[in-house]
1. Roughly speaking, what is the stretch gain from Glu220 to Asn37, that is 0.36 nm per residue apart minus the C-alpha to C-alpha distance, in nm to one decimal?
2. For Asn290 and Thr69 in the same chain, what is the full-extension length gain: residue separation times 0.36 nm, less their Cα-Cα distance, in nm?
3. For Ser240 and Leu22, what is the calculated FRET efficiency with R₀ set at 35 Å and r taken between the beta-carbons, to the nearest 0.05?
4. Please work out the C-alpha center-to-center distance from segment 387-410 to segment 133-176 and express it in whole Å.
5. Can you give the % of DSSP beta bridges in segment 203-431 that are antiparallel, to the nearest 5?
6. Dimensions of segment 287-387 along principal axes (Cα, Å, largest first)?
7. Please compute the Kirkwood hydrodynamic radius over the chain, one decimal place, Å, based on all pairs of different Cα atoms.
8. Based solely on its DSSP helices, what 222 nm [θ] is calculated for the chain when runs of n ≥ 4 H residues each add -39,500 (n - 2.57) and the sum is averaged over all residues, nearest 500 deg cm²/dmol?
Amino acid sequence: MSSLPSLETPHQSSRITTVVPLTPTLQGDEIVAYNLNYMDLLMKLHYIRSIYVFNSEVMQNLSLSDLKTPIYALLESCSHVSGRIRILESGRPFIKCNDAGVRVAETRCDKTLHEWFDEKEYSVEGFVPDHVLGPDLAFSPLVFVKFTHFKCGGLSVGMSWAHILGDAFSAFNFISKWSQILAGQAPPKSLHKQNLTKPQFSLNSVSDNPISIKRATCVEEYWLATNHSDVATHTFHITSNQLHHLVTPSTTSNNIKTKYFEIISAMIWKCIAQIRGDFGQTVVTICTTNISNRAENEFPTNGSVLSKIETNFPPDQANILDLANLITEKKMNENHVLEKIVEDGEGKEHFIVYGAKLTFVDLEEADFYEIKINGQKPIMVNCDFRGVHDEGVVLVLPGPEDTDGNNGRMITVSLPGKELDQLKCKLAGELGIQYLHFE
């Protein structure tokens, strides 16, 4: 059996347990297999890492053991989450629903939330286990949860979710259902499998020349692609007042409905193009998810739409409105051709999605702050992706509630380290955007 990743830092001590479904999935020697679709297989080298941070009031009359108990019931409705990866003779992976369980770490930290945030600058590092699949897939959990109890009484709930299970909204939904069971709601008996209808696009908005993925040429014992650059991650915060100034009547002209996501993505796209020079990044990937047609008790699924945006003008010199309108109106869907590429390879090949090209991910509609423990909403939520390649990824998420009761946006950016340092300077100097300050 492979050794577990180290969960301890100089300021933490951890205890690791395994949580399995309350009712066994296996009947005798029967193997229950969960077949993976093309989008699952595209995402198998990526991991979704999220944290939910709560103040000291949240743990009244609760123990860390109480936090773990709802996971047992939740796994009954989605047993493949506690399964393990297996490989068919053809080379195609699937999930064996063998009730091997998810890992849970219970951690105590000798720092306060203030001290931790001052040191970590809102990184998920330390809150979320260092989790990847491998070296022995038969013993690698697909989900790893970490509860951290701080000296001040605060709590963080961190989760590393193998993207092969489902997209970021599925990962968030898993935590949401956990919190509902913790609050006393009955667990769902089963989850609805989403009917993933193919989005309708006009002929000129469908791409036959995909740029949103690349083949991973160096994947060894771990399911994680090798980078040529040292990719680092940083989170910025745009307040609701800054959003108001970004999205003005002049940025919503020509009857084009522009979301905050498009404006923020255009702004970051232009900045990165200026940093990279040589006409800038003229082709980017947009990752969106239509969550309006998802059932309340949704089965985890990878329902993202990957689209490319191409521009024939220099993005480093462009008006932000022009780039935002391009993102809004000119997305070219690539899912249909990506499916063909995966299936032609019989699901055996490894691919990189996030960072194959500069990738913008729309998570604005995630209901992060509706998750409650003891009636308390999180004071801060963040998310990043592991397995990001050299071109980088930008996540746009809802931010915490401002003093005026409105929500801003969190922007979590993963780029090669030197480029990220330059982006920090640009956003701070030109727009006054800093990382989120803890209050």
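1. Length gained between Glu220 and Asn37: 63.6 nm.
2. The Asn290-Thr69 span can extend by a further 76.4 nm.
3. E(calc), rounded to 0.05, equals 0.25.
4. Centre-to-centre (Cα) distance: 19 Å.
5. 75 percent
6. Result, largest extent first: 52, 43, 27 Å.
7. Working: mean 1/r = 0.0446 Å⁻¹.
Computed over Cα pairs of the chain, the Kirkwood hydrodynamic radius comes out at 22.4 Å.
8. -7000 deg cm²/dmol
No lab work stands behind these numbers, since they all come straight from the coordinates. Here the structure is a predicted model, which means the values were calculated and not measured. Here the Cβ is made from the backbone with ideal geometry for all residues, glycine too, and neighbour counts use every protein chain on show.
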